[in-house]
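Worksheet for the structure shown next.
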Amino acid sequence: MEKPERTEVVLLACGSFNPITNMHLRLFELARDYMNSTGKYKVVKGIISPVGDAYKKKGLIPAHHRVIMAELATKTSGWVEVDTWESLQKEWVETVKVLRHHQEKLEARSCNQQQNSPVLEKPGRKRKWAEQRQNSTQKKLLEPNTKGVPQVKLLCGADLLESFGVPNLWKSEDIAHIVADHGLICVTRAGSDAQKLIYESDVLWRHRRNIHLVHEWVPNDISSTRIRRALRRGQSIRYLVPDLVQEYIEEHSLYSAESEDRNLGATLAPLQRNAAEAPS
Amino acid sequence: MKNRIPVVLLACGSFNPITNMHLRLFEVARDHLHQTGMYQVIEGIISPVNDNYGKKDLVPSHHRVAMARLALQTSDWIRVDSWESEQTQWMETVKVLRHHQSQLLRSATRVEGPDSGKTPSDTAAAPELKLLCGADVLKTFQTPNLWKDSHIQEIVEKFGLVCVSRVGHDPKGYILGSPILCKYQHNIHLAREPVLNEMSATYVRRALGQGQSVKYLLPDSVIAYIKDHGLYVTDSSQKGRSIQKNKGKTS
């Protein structure tokens, strides 16, 4: 059924997942349906990458809990999985580096497979990819000469696009690399400002073809913040997160007024790092 | 929880199919009633509407009942009741309430016999039956010819309403706009869904018809049932009932 020339895509979602909710899981479903419906892409995998504790976000509970919850939540999914690499790093890792890590992992795997399978591409293509990353253009990405290795794209909600404008949260070259080398799939509310944000940013505009806006026609705002608030107030979160996640939260009494004060007064890792590195 | 008034919540509707949002109504309503300190919710009942309701796209009730039953497998306080769907014709919501009220009274008197380990105060009071609905139902009370005034009055006077509204909606306005609702507003409980999630059964049916994923919008067991029985594929509207148009389209 699938045409062979479709580009294979891996969707990577970075975030706190504190805790994971049905909304996060819906992002994957919506994005996959959309990408597959373009006829150009075939989504082969989804990866959830919970941020490390060094991110220092207020209320962020330890990564091992967040990872376990994400694993419980994806137990019934045939294509979305959890990756702990980012969460296991000692220091906070920029999103572009997480994307790069997963892209390289896929390339390495494909190289290994080549040794066993005669049909696939020539050796040395890994270097080609490295070069491509250096001076990649839209054109190359739209017609990737990397058949066989899926492209890792960043999956996000509209809030991530909006956060590009927050001073010191993102390095501008990182934003450029994300949209130029990888691509963005952004699930947005109908009538959101996403298009305007892209239009108003030169770098996003230049790579607009590598930014896929998926419209979510039904508002779904099961944010983790709201989940934690409901938990603090003793309100039910049933049917907003998978049952197994709810049970895990209860068993370990994960979210409380105390946990909400974790990292209170701390500076968010990207703000600290980028402010320090910013040219005066 | 002593001296609290026991409450049973009844939700009437198409449940075509049941979604996580229907299940959320119960959770939010129960939290709200408990937080008043006056009530103890002891049971929730889902009553899928009769096939003769005549709504477009309505799949046969045995499927809707089966899906609700699957969705409720993991709930320890909500159950599905097929009585309404098994009647020979569609009936007004107030009559469904009357039926369940009489069932509750009957079982309350049954418990009063030999002591089954319950305290006397538990058995003395029969639970109050309240209609659980979304804020949109309050709005439909104003639609001409949809509801009989006497029925609205009986619902809010004899039973009571628990109405769950979404962020950004103003159910107070609907109450103030209606003399009957105003008069009995002490019997109308407004609960607020703290999380915005407007996913509806209509949306789910459309997504299913278009072959899109509905995972995480309804329980996996329900999705599997829909697939197994080929429900809500395109043209399921033709399979639906077009037998009769009811004047009262309430559910």
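Any read-out appearing in this document is the output of simple, stated calculations on the displayed coordinates, not a laboratory observation. None of the values given here were measured: they were computed from a predicted structure. Methodologically, a virtual Cβ is constructed for each residue, glycine included, from the backbone with ideal geometry; neighbour enumeration extends over all protein chains shown.
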Charge sum, other residues only, whose C-beta stays under 12 Å from B:Asn187's C-beta, Lys/Arg counted +1 and Asp/Glu -1: 0
log10 of Debye I(q)/I(0), alpha-carbon scatterers only, for segment B:7-102 at 0.17, 0.20, 0.25 Å⁻¹: -0.74, -0.98, -1.35
Segment A:182-245: relative contact order as a whole-number percent, Cα under 8 Å and 6+ apart: 35 percent
Peptide B:22-35, shielding by other chains (average Cβ, 10 Å cutoff): 3
Distance (nanometres) between label positions extended 7 Å along Cα→Cβ at A:Trp205 and A:Ser172: 1.4 nm
Projected-area mean, segment B:1-60, by convex hull of Cα positions, square nanometres: 4.6 nm²
Förster radius 25 Å - calculated FRET efficiency between A:Leu244 and B:Ala224, Cβ distance, rounded to 0.05: 0.90
Set of segment B:133-166 residues, backbone N closer than 18 Å to the point 7 Å along the Cα-Cβ line of B:Lys56: none
Equivalent ellipsoid semi-axes, segment A:171-267, via Cα gyration tensor eigenvalues times 5, rooted, Å: 35, 18, 12
Cα→Cβ-extended label distance, 7 Å offset, between B:Asn3 and B:Thr88, nm: 5.0 nm
Cα extents of segment A:206-247 along the three principal axes, largest first (Å): 47, 18, 18
Computed FRET value (nearest 0.05) for B:Arg98 with A:Ser253, which takes r as the C-beta separation and R₀ as 35 Å: 0.20
Members of A:Lys75/B:Lys215; A:Lys57/A:Lys153; B:Lys130/B:Lys183 lying beyond 19 Å, as alpha-carbon distances in this model show: A:Lys57/A:Lys153
Cα gyration tensor shape for segment A:153-195, rounded if a/c is under 1.5, else prolate or oblate: oblate
Approximate spin-label separation A:Lys40-A:Asp159, in nm, with each point projected 7 Å along Cα-to-Cβ: 2.9 nm
Per-peptide average of other Cβ atoms within 10 Å, ordering A:103-109, A:155-161 highest first: A:155-161, A:103-109
Low-density loop positions, trypsin sites (Lys or Arg not before Pro), segment A:197-280 - DSSP coil, at most 12 other Cβ in 10 Å: A:Arg233
Förster radius 51 Å - calculated FRET efficiency between B:Leu146 and A:Arg109 (Cβ-Cβ, nearest 0.05): 0.25
